[in-house]
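Novice: Have a look at this one.
The values are calculated or read from the model by the stated rules, or taken from the named source; none is laboratory data. Computed from a prediction, not measured in an experiment: that's the story for all the values here. Heads up, the Cβs are rebuilt from the backbone with ideal geometry, glycines too, and the neighbour counts pull from every protein chain shown.
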Amino acid sequence: MIRLQSHFAPITVITSHNNALISGSADMTIRIWNPVKHGLQQDKNQHIISGHKGTVTCFLSYKDLLLSGSTDRNLIVWKGTKLICSK
């Protein structure tokens, strides 16, 4: 068993995107995991992306886009390999 820990609240959703695992949590963050190395995909300062003001509840991965939904009633479109918020 491999245990990956990083969120500060329960994980509410998980998906795959661009060869990575993506987790969303009640801590309002999205985290990027490398399933091969069993750790965080990006460096310590860039594996966490945030933008929601509520629990992250769903994801949709489409090409280089990741869409995230939240209890804050917002949908955020993240783009690219480093998942930058697309306005």
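Residue-wise test of (1) at pLDDT below 95; (2) surrounded by 10 or more Cβ atoms within 10 Å (Cβ to Cβ).
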{"position": "3", "(1), (2)": "yes, no"}
{"position": "9", "(1), (2)": "yes, yes"}
{"position": "12", "(1), (2)": "no, yes"}
{"position": "17", "(1), (2)": "yes, yes"}
{"position": "21", "(1), (2)": "yes, yes"}
{"position": "26", "(1), (2)": "no, yes"}
{"position": "32", "(1), (2)": "yes, yes"}
{"position": "41", "(1), (2)": "yes, yes"}
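Novice: Applying the selection to the stretch 5-25, what residues are of a type in the set (Gly, Ala, Ser) and within 18 Å of residue 78 (Cα to Cα)? Before you say what the answer is, go through the steps one by one.
Specialist: Let us first name the residues in the stretch 5-25 that are of a type in the set (Gly, Ala, Ser), namely 6, 9, 16, 20, 23-25.
If the condition is that a residue be of a type in the set (Gly, Ala, Ser) and within 18 Å of residue 78 (Cα to Cα), then 16, 20, 23, 24, 25 are the ones that fit.
Novice: From (1) modelled with pLDDT of 85 or more; (2) of a type in the set (Lys, Arg); (3) assigned to a loop (DSSP other than H, G, I, E, B), pick out the condition that doesn't hold for residue 37.
Specialist: Failed condition: (1).
Novice: A follow-up question, please. Name the residues in the stretch 54-64 that are over 12 Å from the mean Cα position of the chain (by Cα) and at pLDDT below 95, would you?
Specialist: The answer is 62, 63, 64.
Novice: Next up: Mind checking which pairs have a first residue in the stretch 61-77 that is over 15 Å from residue 19 (Cβ atoms) and free of Cβ contacts under 8 Å to residues at least 40 places away in the same chain and a second that is outside any strand (DSSP E or B) and polar (S, T, N, Q), Cβ under 7 Å, 6 or more apart or different chains?
Specialist: 71/55; 77/86
Novice: Of everything in the stretch 65-87, what is modelled with pLDDT of 95 or more, charged (D, E, K, R) and surrounded by 12 or more Cβ atoms within 10 Å (Cβ to Cβ)? Give them in sequence order.
Specialist: Matches in the stretch 65-87: 72 only.
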